[in-house]
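The values are calculated or read from the model by the stated rules, or taken from the named source; none is laboratory data. Keep in mind it's a predicted model, so treat the numbers as computed, not measured. Don't worry about glycine lacking a Cβ; one is built from the backbone with ideal geometry, like all the others, and counts go over all protein chains shown.
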Amino acid sequence: MSDILNEVIDQENNEKVYKLSTFFIKIIIIIGIFAILVAIFFSWQKNEKIEIAKQDSDDLMNALHKINWDNKESIESTIADINKIADADKSAYAIFARLYIGMIESITNSSSRCIIEYKKIANNTKYDKTLRDFVWFSAISGELKYDLIKPQEAIKELEKFDNSNKPFYASASILHAILLSEIGKTDEAYSLAKKIADDKTIGVSKINNIADKIRIYFKYNKDFTKNTDSQTNNRNINLNNQNILHKEEK
């Protein structure tokens, strides 16, 4: 009797093991099929991205090739064609398209439009931060060069640079210091230049050296201004004394 009972229990256990193993095999097969489908999808997506990039590259080269620099309509047509690539923003060539538009606008003396294109790159968070910082700094420098922005406004923009990207932060700070000096804030300019000159984490010694030279220049100007003010005050005091003596003599 016990043998029969044991046989029944063994049979049930075998059935359970069989069902469990069958279940796991099905799970493994499903996971395998899913993995294959995912691999096919990403492979297709990768190939599609490559095709889009190739198409963008061809369209960009064709647009640049047909440009006639002596014909305004040809230039505008080229900009419109390149702008389609930039606006679609489907591949890395969208960045190059924006840069080319900015370059064409700059060559054709449309400085404000060039800067607008640069700012579109700088404000696009999809792009690498180093690239965006570089383009943003270039845009501010361009606005200052062509008097499209006041020093006070440029200072506010330069203050937005954080120190995570040391070289561009340092370059922006040097320009910031120069602008502070231009609007008469020499003490602040000196402090900022000194801060950059002493910051050894920047990693570019040339920037430290430039900042140090600017710091020395600001220090000289501060001392010169103080000395000049002192001389002016002494001269005014002497003139007042002479006037008093002259009145008393009368």
Item checked: Given (1) modelled with pLDDT of 85 or more; (2) crowded, with 17+ Cβ neighbours inside 10 Å; (3) under 27 Å from Asp212 (Cα atoms), index of the condition Lys156 fails -> (2)
Margin query: Just the residues that are of a type outside the set (A, V, I, L, M), buried (at least 16 other Cβ atoms within 10 Å of the Cβ) and under 17 Å from Arg113 (Cβ atoms), please, taken from the stretch 48-82.
Written below: Thr78, Asp81
Next item on the list: Specify which of the listed residues (Ala97, Ala139) is farther than 25 Å from Ser171 by Cβ and either buried (at least 17 other Cβ atoms within 10 Å of the Cβ) or assigned by TED's automatic domain parsing to the domain that holds Phe168 (or both).
Entry: Ala97
Next item on the list: Determine, yes or no, whether Ser164 is within 30 Å of Ile214 (Cβ to Cβ), surrounded by fewer than 18 Cβ atoms within 10 Å (Cβ to Cβ) and either touching a Ser or Thr at 6+ places or on another chain (Cβ under 8 Å) or polar (S, T, N, Q) (or both).
Entry: yes
Notebook entry, point to check: Residues in the stretch 145-177 that are in contact (Cβ under 8 Å) with a residue 24 or more places away in the chain and touching a helix residue (DSSP H, G or I) at 6+ places or on another chain (Cβ under 7 Å): how many?
Noted result: 16
Note to self: I'd like to check something: does the stretch 170-183 contain any residue that is modelled with pLDDT under 85, outside the structural domain of Ala122 (by TED's automatic domain parsing) and either buried (at least 20 other Cβ atoms within 10 Å of the Cβ) or not in a loop (DSSP other than H, G, I, E, B) (or both)?
What the structure shows: yes
Check: Of the conditions (1) closer than 23 Å to Ile140 by Cα; (2) modelled with pLDDT of 75 or more, Lys66 fails just one. Which one is it?
Finding: (1)
